[in-house]
1. Conditions first: (1) assigned to a helix (DSSP H, G or I); (2) surrounded by 18 or more Cβ atoms within 10 Å (Cβ to Cβ). Residue 211 passes all but one, so which condition is the exception?
2. Residue pairs, Cβ under 7 Å, 6 or more apart or interchain, first in the range 148-170 and closer than 14 Å to residue 117 by Cβ, second open to solvent by 70 Å² or more (accessible area, probe 1.4 Å) and modelled with pLDDT of 75 or more. List them.
3. From the list 87, 98, which one is surrounded by fewer than 16 Cβ atoms within 10 Å (Cβ to Cβ) and either on the phi > 0 side of the Ramachandran plot or in a loop (DSSP other than H, G, I, E, B) (or both)?
4. How many residues are closer than 21 Å to residue 83 by Cβ, of a type in the set (Asp, Glu) and open to solvent by less than 100 Å² (accessible area, probe 1.4 Å) when one looks only at the range 106-142?
5. Looking only at residues in the range 184-201 that are aliphatic (A, V, I, L, M) and not in a helix (DSSP H, G or I), which one is surrounded by the most Cβ atoms within 10 Å (Cβ to Cβ)?
6. Counting just the residues of the range 143-154 that are open to solvent by 80 Å² or more (accessible area, probe 1.4 Å) and outside any helix (DSSP H, G or I), which one comes out farthest from residue 210 (Cα to Cα)?
7. Just to be sure, is residue 105 at pLDDT 85 or above, more than 27 Å from residue 223 (Cα to Cα) and among the acidic types (Asp, Glu)?
8. Can you find a residue that is surrounded by 16 or more Cβ atoms within 10 Å (Cβ to Cβ) and assigned to a helix (DSSP H, G or I) anywhere in the range 163-183?
Amino acid sequence: IIGSGVSTFFVVNGPLRQAQRDLADAHGIISGYNAVEEYQDINSVLVTARDLFDAKDVTLYGIKTFSNMSIDRAILDATSVLCDTKSILSDIFLNIISERKDYLDPVDTVLYEDGMGISAWIKDRRVLIGSRELMINHNIDVPSKDYEERYIAKDRSLIYLSAAGELSAVFVVGLTFNEEKRNIMVDIYNQDMVIVGKSVDPILTNSQLSSIFDMPKYAFRVIP
């Protein structure tokens, strides 16, 4: 009876002390026993696409223009929309124009179309940027699948751009993973938690993330 009060202290704080040591290596902390009760049932972690991919993880491999669209105009249209929506692709396009944000046009009436991409207005032109399905959904003529295969290699994807109802350009992009971030996601997965990614980029699907990070598909959920 005399020792019960003291033993309770050690029974509760002993495991907390060990957990603090483990978390210190990952620059983490438990703020007390109440935090354990509050967070013990967590089954998912919400992140943005920019949390998963840095600028150096995104590569632009090529640009193909259509409808007599100048490559400069296509790049400015794409950069204006991507920067406004904080896409993971915005940094590579900004780099093309030497970070000159004063070149960008004002973007209005931005809409996210689930899993397909973005529609917006630039001046009096409607600009669409996203997947093949986005273009088809808006009755924009796109190249055949066979034509696309010429530009797609492993771990590369096509991003379509249209302006004023016509296909303007196709961008060939690729994503690579950051080893440190992958290790964190593996730790999360091993704790039976799902990574929920918030994204405006149509190239980020459960299958794509699974392929890039070499993890099971059900480790991810993507929401627009």
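1. Failing condition for residue 211: (2).
2. Filtered contacts from the range 148-170: 167/141; 169/64; 170/64.
3. On the way: 87 fails: surrounded by fewer than 16 Cβ atoms within 10 Å (Cβ to Cβ).
Exactly one of 87, 98 is surrounded by fewer than 16 Cβ atoms within 10 Å (Cβ to Cβ) and either on the phi > 0 side of the Ramachandran plot or in a loop (DSSP other than H, G, I, E, B) (or both), namely 98.
4. First, pick out the residues of the range 106-142 that are closer than 21 Å to residue 83 by Cβ: 106-113, 116-131, 134.
Keeping just the survivors that are of a type in the set (Asp, Glu) gives 108, 113, 124.
Now drop any that are not open to solvent by less than 100 Å² (accessible area, probe 1.4 Å), which leaves 108, 113.
Qualifying residue count for the region: 2.
5. The first filter runs over the range 184-201 and keeps only residues aliphatic (A, V, I, L, M), leaving 184-186, 188, 193-196, 200.
Next cut, not in a helix (DSSP H, G or I) only: 193-196, 200.
Numbers: 193: 15, 194: 15, 195: 21, 196: 13, 200: 23.
Only one residue tops the list, namely 200.
6. Kept after step one, since they are open to solvent by 80 Å² or more (accessible area, probe 1.4 Å), are these residues of the range 143-154: 145-146, 149-151, 154.
Applying the additional criterion that residues be outside any helix (DSSP H, G or I) yields 150-151, 154.
Numbers: 150: 24, 151: 22, 154: 14 Å.
Selected residue: 150.
7. Working: at pLDDT 85 or above: yes; more than 27 Å from residue 223 (Cα to Cα): yes; among the acidic types (Asp, Glu): yes.
Against the criterion (at pLDDT 85 or above, more than 27 Å from residue 223 (Cα to Cα) and among the acidic types (Asp, Glu)), residue 105 qualifies.
8. Going residue by residue through the range 163-183, those that are surrounded by 16 or more Cβ atoms within 10 Å (Cβ to Cβ) are 163, 167-175, 177, 181.
Narrowing further to those that are assigned to a helix (DSSP H, G or I): 181.
Within the range 163-183 (the criterion being surrounded by 16 or more Cβ atoms within 10 Å (Cβ to Cβ) and assigned to a helix (DSSP H, G or I)), the answer is yes, since at least one residue qualifies.
The values are calculated or read from the model by the stated rules, or taken from the named source; none is laboratory data. Just so it is clear, the structure is predicted and the values come from calculations on it, not from any experiment. Counting neighbours? That spans all protein chains shown, and the Cβs are built from the backbone with ideal geometry, glycine included. Quick note on the areas: whole protein, heavy atoms, side chains included, nothing else; ligands and nucleic acids left out. Shrake-Rupley method; radii C 1.70, N 1.55, O 1.52, S 1.80 Å.
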